[in-house]
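Reviewing the structure listed below.
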Protein chains: 2
Amino acid sequence: MSMDFSSKLLEQAVNEFAKLPGIGGKTALRLVLHLLRQDAQDVEHFGNTILKLKKEIKHCNICHNLSDTEVCHICSNPRRDPSTVCIVENVRDVMSIENTQQYHGVYHVLGGIISPMEGIGPSDLTINTLLDKITSPSSEIKEIILALPTTMEGDTTNFYIFRKLSDINIKITTIARGIAIGDDLEYADELTLGRSIINRTEFETTLKN
Amino acid sequence: MSMDFSSKLLEQAVNEFAKLPGIGGKTALRLVLHLLRQDAQDVEHFGNTILKLKKEIKHCNICHNLSDTEVCHICSNPRRDPSTVCIVENVRDVMSIENTQQYHGVYHVLGGIISPMEGIGPSDLTINTLLDKITSPSSEIKEIILALPTTMEGDTTNFYIFRKLSDINIKITTIARGIAIGDDLEYADELTLGRSIINRTEFETTLKN
């Protein structure tokens, strides 16, 4: 849709919003007109929050998670187990796992996965700093949990890390794949159902949860 | 979804985006993470555009359309006909009509329509300034076109304006309602089809378009 704006300021704001993923021209206009109906101080707060976010946010020096401090609150928490490191693709995956409240180790955020199609190689990710952490003489790391997506890219990245660690005495695990709790077997895909039978767990273990 | 943020800055930015209409928590997070991947100067431009928009944008003194100047570029355009005023609910309706390139008069933006349910009365809208414009001794206005929605609220507003102008010698019209060009008659609602027969136009007129 071409739009005939009565104001350059309006047009610029709509164009800025329309650059965001999943926001088209019409939605952008709706959002901007909404902002114009809000109190001046609320809109100022919105704009300033964006400016502050980009200027002040950091990546944790240890795990690369987004953080307000040089070392994030997970890595610096003495109650977290630094011997277990969960490897995830991005910040959102950390949030998802944290939400379960079932994980007490630490993380390593790769910042993506290896994708030859998109031109993303190991050097574009934080794989080297992961290897440095593990091979450092002061390393306490005993287990890494691979929690990458079950896609070709995820498998490639898993295998790359696995191969790089083949000489090192460290436990490498992956998160369990299986039928989601509450799901009917008849609607599950064959691959997942097959995996859930191969990786079956003792009935007692299940009862404890 | 409750979210466990690793950063207060991130959380604040997500909360700000989630205040926008139609943007939930997950979408807000996606938008903020997108911004974090952009160049610092692009994000700064985004934030500053929002701040500038709210501080500098104006409403046209004459028609109340959004404008960068005291009088908008439509009202100040000598090629527009000031004797015809199209009454619309909001700024978006001005843009829709301007896009057709078929209208050469001016506008009057009400800023809403009368809605007792939402507590919006005539005094919340720019109806008084419309009446002042029309009744002013220097007024050139000969026709007003009502282009409000065909809802109960739209009809109420139309009738309110119509009644207020009953003593004044001015032509009052409404935009044509009918079957959309290209639409099949069999799928049209009865009310619209009925109206399109009552308001039928001369075949010659149709040919000219």
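The values are calculated or read from the model by the stated rules, or taken from the named source; none is laboratory data. Not measured: the values here are computed from a predicted model. Cβ sites come from the backbone with ideal geometry, for glycine too, and all protein chains shown count toward neighbours.
Numbers at a glance
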quantity	calculated
Hits in the range A:31-48 (condition: of a type outside the set (Gly, Ala, Ser), out of contact with any Phe, Trp or Tyr (no Cβ under 9 Å at 6 or more places or on another chain) and part of a helix (DSSP H, G or I))	A:33, A:34, A:36, A:37, A:41, A:42, A:43, A:44, A:45, A:48
Residue within the range B:38-52 that is farther than 30 Å from residue A:65 by Cα and free of Cβ contacts under 8 Å to residues at least 60 places away in the same chain present	yes
Residues located in the range B:119-149, provided they are more than 15 Å from residue B:160 (Cβ to Cβ), outside any loop (DSSP other than H, G, I, E, B) and in contact with a strand residue (DSSP E or B) (Cβ under 8 Å, 6 or more places away or on another chain)	B:133, B:143, B:145
Qualifying residue in the range A:94-116 (condition: under 15 Å from residue B:10 (Cβ atoms), within 14 Å of chain B (Cβ to nearest Cβ) and part of a loop (DSSP other than H, G, I, E, B))	no
Residue count, the range A:49-60 (criterion: facing chain B (nearest Cβ under 7 Å) and in a helix (DSSP H, G or I))	7
Single match in B:2, B:83 (criterion: out of contact with any Phe, Trp or Tyr (no Cβ under 9 Å at 6 or more places or on another chain), modelled with pLDDT of 95 or more and farther than 14 Å from residue A:50 by Cα)	B:83
Residue count, the range A:31-42 (criterion: at the interface with chain B (Cβ under 7 Å from one of its Cβ atoms) and out of contact with any helix residue (DSSP H, G or I) (no Cβ under 8 Å at 6 or more places or on another chain))	1
Residue match in the range B:12-20 (condition: within 25 Å of the chain's Cα centre (by Cα), part of a helix (DSSP H, G or I), at pLDDT 95 or above and within 7 Å of another protein chain (Cβ to nearest Cβ))	no
Some residue of the range A:123-139 being surrounded by 13 or more Cβ atoms within 10 Å (Cβ to Cβ), closer than 27 Å to residue A:198 by Cβ and without any contact (Cβ under 8 Å) to a residue 24 or more places away in the chain	no
